[in-house]
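Enquirer: For reference, the structure I am asking about is given below.
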Amino acid sequence: MILIDASEFRARWQAWYPGTVPLGHRMRLTHPQRWLRIHSLPAGKRYASSPAEKATLLARQNRAADLLLGEQTTVALLGYEYTGCYNLPDDHPLRRFLPTDASPILRLAPDDEHEEAISVFGGLRAWRSGDLDDLLIGVADDRFRLMLLRWDTGAGFAPYDGGVDLFFASPDDRERSRPLLEAWLSHHPEGL
């Protein structure tokens, strides 16, 4: 894992996603023309309750990540710490995947006065399908959040409990990929 320079990350982020922060639920509001949401399980089921459903979830998410990020490309793995800490706690599920001496690459203001600032930590690594399966299951079980960003284009993979928000490098990339993901897309009028 390679440490990300915070100023380089902020510059890239502003070029890729001006006007928003690296949180999928906010990005889809400011960049809807680049966004698609897939469901991890058939019929939009939110949580896997069997080994077979976990296998389905991983197959869909890894396939979508391969399509969006490309196999063996350099990606930024972003991890979030929601208690205001400036250091990723030793027991955080992403600790072993991020540089041990990492400081936040970004601090996000809280949504309201009852929350703490969100620290965003990150490191660079190669994307390989299956390498992060434990993390994808952890996110699907709503234990923590992460995001993967293709380092050259900014394409973003933001899993959550129930699916993945995909952010393509361009609206054209999104439209080219839509038919390949059609069976997994939400049928909600707003794509949710």
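The values are calculated or read from the model by the stated rules, or taken from the named source; none is laboratory data. Note that the structure is a prediction, hence the values are computed from the model and not measured. Glycine gets a Cβ as well: all are built from the backbone with ideal geometry, and neighbour counts include every protein chain shown. What goes into the accessible areas is simple: the full protein's heavy atoms, side chains included, and nothing from ligands, DNA or RNA. Shrake-Rupley method; radii C 1.70, N 1.55, O 1.52, S 1.80 Å.
Enquirer: Give the number of residues within segment 33-55 that are open to solvent by 60 Å² or more (accessible area, probe 1.4 Å), touching a residue at least 40 places away in the same chain (Cβ under 8 Å) and out of contact with any strand residue (DSSP E or B) (no Cβ under 9 Å at 6 or more places or on another chain).
Expert: 3
Enquirer: Among the listed residues Ser129, Ser119, identify the single one that is out of contact with any Lys or Arg (no Cβ under 7 Å at 6 or more places or on another chain), more than 18 Å from Trp16 (Cβ to Cβ), modelled with pLDDT of 90 or more and small (Gly, Ala, Ser).
Expert: Ser129 is the lone residue from the list that is out of contact with any Lys or Arg (no Cβ under 7 Å at 6 or more places or on another chain), more than 18 Å from Trp16 (Cβ to Cβ), modelled with pLDDT of 90 or more and small (Gly, Ala, Ser).
Enquirer: Please go through segment 59-79 and pick out each residue that is open to solvent by 10 Å² or more (accessible area, probe 1.4 Å) and either part of a loop (DSSP other than H, G, I, E, B) or farther than 22 Å from Ala183 by Cα (or both). So that I can check it myself, show each step before the final result.
Expert: Applying the first criterion (open to solvent by 10 Å² or more (accessible area, probe 1.4 Å)) to segment 59-79 yields 59-60, 62-63, 66-68, 70-74.
The answer is Gly70, Glu71, Gln72, Thr73, Thr74.
Enquirer: Output the residues belonging to segment 160-170 that are of a type in the set (A, V, I, L, M, F, W, C) and within 10 Å of the chain's Cα centre (by Cα).
Expert: Val164, Leu166, Phe167
Enquirer: A follow-up question, please. Can Phe157 be described as surrounded by 17 or more Cβ atoms within 10 Å (Cβ to Cβ) and within 12 Å of the chain's Cα centre (by Cα)?
Expert: Here the answer is yes, as Phe157 does meet what is asked.
Here is a yes/no grid of residues against (1) modelled with pLDDT of 95 or more; (2) within 15 Å of the chain's Cα centre (by Cα):
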{"residue": "Thr56", "(1), (2)": "yes, no"}
{"residue": "Asp66", "(1), (2)": "yes, yes"}
{"residue": "Asp91", "(1), (2)": "no, no"}
{"residue": "Leu98", "(1), (2)": "no, yes"}
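Enquirer: OK, next. Take the residues in segment 100-116 that are among the charged types (D, E, K, R) and over 22 Å from Ser7 (Cα atoms); name whichever of them is modelled with the lowest pLDDT.
Expert: Applying the first criterion (among the charged types (D, E, K, R)) to segment 100-116 yields 101, 107, 111-113, 115-116.
Now narrow it down to the ones that are over 22 Å from Ser7 (Cα atoms): 111-113, 115-116.
Working: Asp111: 73, Asp112: 73, Glu113: 70, Glu115: 80, Glu116: 87.
By that ranking, first place goes to Glu113.
Enquirer: Can I ask one more? Quickly run through segment 138-149 and pick out the residues that are surrounded by 16 or more Cβ atoms within 10 Å (Cβ to Cβ) and either outside any strand (DSSP E or B) or modelled with pLDDT under 95 (or both).
Expert: Step one: list which residues in segment 138-149 are surrounded by 16 or more Cβ atoms within 10 Å (Cβ to Cβ), which gives 138-140, 145-149.
Listed by number, the residues that qualify are Gly138, Val139, Ala140, Arg145.
Enquirer: Please verify whether Asp165 is open to solvent by less than 20 Å² (accessible area, probe 1.4 Å), among the acidic types (Asp, Glu) and modelled with pLDDT of 95 or more, treating the condition exactly as stated.
Expert: Yes; evaluated as a whole, the condition is true for this residue.
Enquirer: Can you spot a residue in segment 119-137 that is in a strand (DSSP E or B) and without any contact (Cβ under 8 Å) to a residue 40 or more places away in the chain?
Expert: Yes: one or more hits.
Enquirer: Taking segment 112-127 only, how many residues are surrounded by 15 or more Cβ atoms within 10 Å (Cβ to Cβ) and more than 20 Å from Thr100 (Cα to Cα)?
Expert: So the answer is 1.
Enquirer: Tell me whether segment 4-27 contains one or more residues that are farther than 17 Å from Met147 by Cβ and surrounded by 14 or more Cβ atoms within 10 Å (Cβ to Cβ).
Expert: For segment 4-27, residues farther than 17 Å from Met147 by Cβ and surrounded by 14 or more Cβ atoms within 10 Å (Cβ to Cβ): absent.
Enquirer: Sticking with this one: Being more than 18 Å from the chain's Cα centre (by Cα), over 12 Å from Arg28 (Cβ atoms) and not in a helix (DSSP H, G or I) is the filter here; which residues of segment 171-192 pass it?
Expert: Of everything in segment 171-192, those that are more than 18 Å from the chain's Cα centre (by Cα), over 12 Å from Arg28 (Cβ atoms) and not in a helix (DSSP H, G or I) turn out to be His187, His188, Pro189.
Enquirer: Okay, next question. Name the one entry in Asp152, Asp172 that is surrounded by fewer than 16 Cβ atoms within 10 Å (Cβ to Cβ), modelled with pLDDT of 95 or more and farther than 24 Å from Glu8 by Cα.
Expert: Asp172
Enquirer: For Arg26, work out the one condition from (1) without any contact (Cβ under 8 Å) to a residue 60 or more places away in the chain; (2) over 14 Å from the mean Cα position of the chain (by Cα) it doesn't fulfil.
Expert: (2)
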